[in-house]
Structures are given as structure tokens and as C-alpha cells.
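Right, one structure below, let's go through it.
The values are calculated or read from the model by the stated rules, or taken from the named source; none is laboratory data. This is a predicted model, so every value here is computed, not measured. In this analysis, Cβ positions are derived from the backbone assuming ideal geometry, glycine residues included, and neighbour counts consider all displayed protein chains.
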Amino acid sequence: MKKTASAAEFAGEQARTRCKQLAAAIEAALATPDAEAVHALRVAIRRLEPSLDVFGHYGSDKKGKKIRRRLLEILALAGEVRDCDVALELLSNRRLCAKIFTRRERAASRLLAELKRHGAAQEAIAWRPPIHARSIRTRSISTTARRELRRAEARFLKSGRRAVLSAKDLHRVRIAAKRLRYLIELFADLYGPAAEEWLAKIRKVQSLLGRLNNCRTVRAMVSDLGGPKSIARELKKKQRQYQARFGKLWRKEFRSRLFPAAFRSIRQ
């Protein structure tokens, strides 16, 4: 895709690709709802979301709201399954793992029921054609990319600076990192190798904060299931370790802006 392409043209191409990927992820989860398939399903939804956010109208307003609602429903159910998978990976207590496995089976059943309802895979494919970026039809994709990436970068850096000072803001920077990562992926074709360099930095942050969040999530699950307090204490200790590592990483990698001042690496 050339940088002179309109945002509407780019939006249509990216939406078609991501809807196809989502449909494939849904089919894979329906066939074998294991940890890998459920994780891939969640990632496919996350990769589609920037297309809906950046390019405004996705079909009619009514249809756009319906799509978002369906994505959020599937994402929430997949998240319940994913939380159990993370807990089973982190824990070794047999009795506790047995309870979590039962919870996972129930959550997976609810997810599969939702995916089967109305034929979610076919529904995802059907979302491809009706994308209408009326408000940005005359804007070049390079202009749109710079605007969106600058905004996401500013939110990410602001939340990161706050998170270094207060653990209360760690969740906020984690959300900002996700948003920035999937925006970079959305516009990656415009920036070539530079995009992968940016993504590598963001993934480091996501990896640390993801592990920290896993500890927090599993702690809550252990408490809810009446698990040993010693497990909760160990998970809290790991949380603090990840928090300290995040602070060191942030000070080392993000003292300045992520993107070059003029985006000179943009492809012609």
C-alpha cells in the first residue's frame, strides 16, 4: 500500500485482512479450545479493534455498535478461559488446580456457545465489506498514521512515567502499550524495518506487565477459591519483582520519544 493511498482504501484492506484472521481464529477455537487457540482468538480481536477505532464508521452506526458489542462479549468470555490457563501454568497445588480446571471447562463451554451463536466465524467474514471512512476519505494514510501514532505514543509515555512512580498506574500503561502495539501493527507496512524496532520495545513492556498482571489475576483467583495464603504471598512477591524490573526497563528504554521527529522512515 503506497503512502498516497487514501485512508478509506487502507482501512478497507486492513479490515478485510483482520476479519479474515479473526474468522480463522474462531474456527480454530471451535475445533480445539486449548490455551493457544484461545490466546490467538483474543489477539485477533485486539488486532481488529484499531481498524474500528481509527477509521470511524464501520458500516452504519447501528452495525458498528453491534460489531463492537459482539467483540467485547467474545473477548470477555475468552478472557475468563485465558485467566484459568494462566493460573494452571503458574500453580502446582493439585487441589487448587483441579478447581481451576473445572472453572476453565465451564468458561470454555460458555465461550464455545457464544462462538457458535449466529455462526461467529461467518459473521466475522461478513464484517469485511461495509467499511466507510467518510470523515477521512480525503486524508492520506501517512497523515492518518502519524496523527494516530503520535496520540498513542503520548498516552503511552505519560502513563509509563506515572507508573514508574506509582503501582496504581501500571494497569493504565499496560492498556496504553496494547493500544500502541496494535496501532503500530496496523500501519507497519508504511514504515518497514522501523516498525519492528518500535514493536520490539513495546513487547518488552508488555511482557513484563503481562507477567505482573498474571500474578495479580491468579492471586485473586486463589483467594476466591480459598487457596493457601502462602501461594498468594509468593505471587505478590513476584508482582513486586516485575514492578521493579519495569521501572528499570522504562528508565533505560523510554527516556525520549519512541518515534522519530519527522517519521523519515516512511515508505514511498
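Odds and ends about this structure:
- Hey, SER135 in the same structural domain as ALA220 (by TED's automatic domain parsing) and either modelled with pLDDT of 90 or more or surrounded by fewer than 17 Cβ atoms within 10 Å (Cβ to Cβ) (or both) or not: no
- Qualifying residue in the range 179-201 (condition: within 17 Å of the chain's Cα centre (by Cα) and either under 30 Å from CYS97 (Cα atoms) or at pLDDT below 90 (or both)): no
- LEU199 of a type in the set (A, V, I, L, M, F, W, C) and surrounded by 19 or more Cβ atoms within 10 Å (Cβ to Cβ): no
- For the range 213-233, the set of residues classified as without any contact (Cβ under 8 Å) to a residue 12 or more places away in the chain and either on the phi > 0 side of the Ramachandran plot or surrounded by 15 or more Cβ atoms within 10 Å (Cβ to Cβ) (or both) consists of GLY226 only.
- The residue list ARG146, ARG151, ARG155 contains one member that is modelled with pLDDT under 90, over 18 Å from LEU48 (Cα atoms), outside the structural domain of ALA40 (by TED's automatic domain parsing) and within 23 Å of the chain's Cα centre (by Cα), which is ARG146.
- The single residue among LEU208, LEU183, LEU212 that is part of a helix (DSSP H, G or I), touching a Pro at 6+ places or on another chain (Cβ under 6 Å) and of a type in the set (A, V, I, L, M) turns out to be LEU183.
- Test: LEU258 is modelled with pLDDT under 95, touching an Asp or Glu at 6+ places or on another chain (Cβ under 6 Å) and not hydroxyl-bearing (Ser, Thr, Tyr): yes
- Of the residues making up the range 97-111, just one is surrounded by fewer than 20 Cβ atoms within 10 Å (Cβ to Cβ) and of a type in the set (A, V, I, L, M), namely ALA98.
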